[in-house]
1. Consider segment 115-135. How many of its residues are modelled with pLDDT of 95 or more and part of a loop (DSSP other than H, G, I, E, B)?
2. Looking for whichever is outside the structural domain of K138 (by TED's automatic domain parsing), within 24 Å of P311 (Cβ to Cβ) and of a type in the set (K, R) here; the options are K420, K369, K384. Which one fits?
3. Being touching an Asp or Glu at 6+ places or on another chain (Cβ under 9 Å) and under 28 Å from S278 (Cα atoms) narrows it down to one residue among S386, S356; which is it?
4. Can you say whether L42 is under 21 Å from V287 (Cβ atoms) and among the aliphatic types (A, V, I, L, M), as far as the supplied structure shows?
5. Being in contact (Cβ under 8 Å) with a residue 40 or more places away in the chain, surrounded by fewer than 17 Cβ atoms within 10 Å (Cβ to Cβ) and aromatic (F, W, Y) is true for just one of Y395, Y343. Which residue is that?
6. Restricting to segment 308-327, what's the tally of residues that are assigned to a loop (DSSP other than H, G, I, E, B) and either of a type in the set (S, T, N, Q) or more than 25 Å from N388 (Cβ to Cβ) (or both)?
7. Exactly one condition in (1) over 15 Å from L300 (Cβ atoms); (2) surrounded by 15 or more Cβ atoms within 10 Å (Cβ to Cβ) is not met by D183; state its number.
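The values are calculated or read from the model by the stated rules, or taken from the named source; none is laboratory data. On a predicted model such as this, the values are computed, not experimentally measured, just so you know. Every residue, glycine among them, receives a Cβ derived from its backbone with ideal geometry; neighbour counts consider all protein chains shown.
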Amino acid sequence: MTSHRTAPRRTVTALAGALSLIAVVSGCGKGGDGAQNDPRQLTVLSQYLKGTPGGKLFYDEAAAFTDETGIKVKIVEAGEDLDESYETSLAAGKEADVVFVNVYDKTLGWTKNGAAVPVDQYLDAWGLRAKVEPQALKEWTDADGKVMGFPFAAFSWPVWYNTDLLERAGIGKIPATTDELIDAADKLREAGIEPMAVGGNDWSGQKLFAQIAQSYSTPEETEQLYTQGGFCASDKAMRGIGLFITLRDAGVFIDKAQGFTFDAMQSTYFTGKAAMMSQGSWAFSEVPEKIRQNTELAGLPLPSGAAFTKPTSYLGYTSTGFWISPNGDKKQDAVKEFISYFYQPDVSGKFLADASIYPALSLDAAHRKSDDPLLNSAVNDVPKKSVNALLPDLYVPAAANTPLVQATGLAFGKGNDAKKICAALDQAYSGVQ
């Protein structure tokens, strides 16, 4: 999944995480570096938190791996600010052996700047390449053609529709066009129901804005815009921004969306106060049962003249995977056993079945089963009902990412026109070298 950023506590959390990591890897064993040098002991810096279904399973399977192999595993949690925590420890030469994190922002440059070891040779030598979905390997390949790490988790990112709330407002089917979406928003508001919850103040709103803004552009044109900007000079991009403004001013998005965060968006939908939201499969395990029973997944409605043939959704393989650090590269035997263990179908299939985590691995039908109807719909139904929009994460330069989020926050504010919005988007690229 994409990274969940919370800017106000980013620096403090990163420093705490980095100091914790340095303490862990330097404080075990005689002389302060026993764990770091022990070839049968691994430190894993993880984005997964133990209090989540995926995190609990990760800890359980790491313990099972130790029981099976005798290789000790120390998991250090860093959460949202893992990239900064890791880079701080790397500068001190005390980095973890394996990092479990997604492809996003700073991590895109890790293989280029030596923070992580390219794994092409290991995919082949360890017999793991055929276990990964080809598209996952493509998305984990950097600009120099090197595979950055071992993909593990993917995500489906459709629009969630609360059919109970739609029916209360007299809406008998999921909107397929933007005209139908605007009509649905009018009926929902007349019934006292907020239409679409969205985190207009953070990364989640940026992804929805990008999905709408690319409605008239080809994937190649969209990729170029993500990579280098030029929104104001693109007629198709300006048309897409105009569509966003039309939806915004028609009341499709929740009131004061520009002040909403991802957490507020999710809470609004989960408490039945909004009829729609754009959200990823990583949240399936958190859905209240009543909301789960009334949720249908589908794509984002299309305007007339769109470049797509069906409503759009995101499908990405840039969620969590295993990166090898310079320290970890000195422990190849242990790292090979650790990653090979998690690549077993019986293990990776548990993350799908028990934690609703979409797989990046090529699992057979027996291991692609889940009791979660939302996950089954995401795996089997959403790809039939929608086509993939281009997710920005792989293309937006790290220096432009935060300014882009700020620019799209501006877009959710009423009164801001297309010229002002595109200028802010293009300005986001001013610091890109």
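1. 7
2. K384
3. S356
4. no
5. Y395
6. Residues meeting the conditions: 7.
7. Just one mismatch for D183, condition (2).
Per-residue answers, yes or no, for (1) outside the structural domain of A283 (by TED's automatic domain parsing); (2) among the charged types (D, E, K, R):
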residue	(1), (2)
Q121	yes, no
D124	yes, yes
E139	yes, yes
W160	no, no
A169	no, no
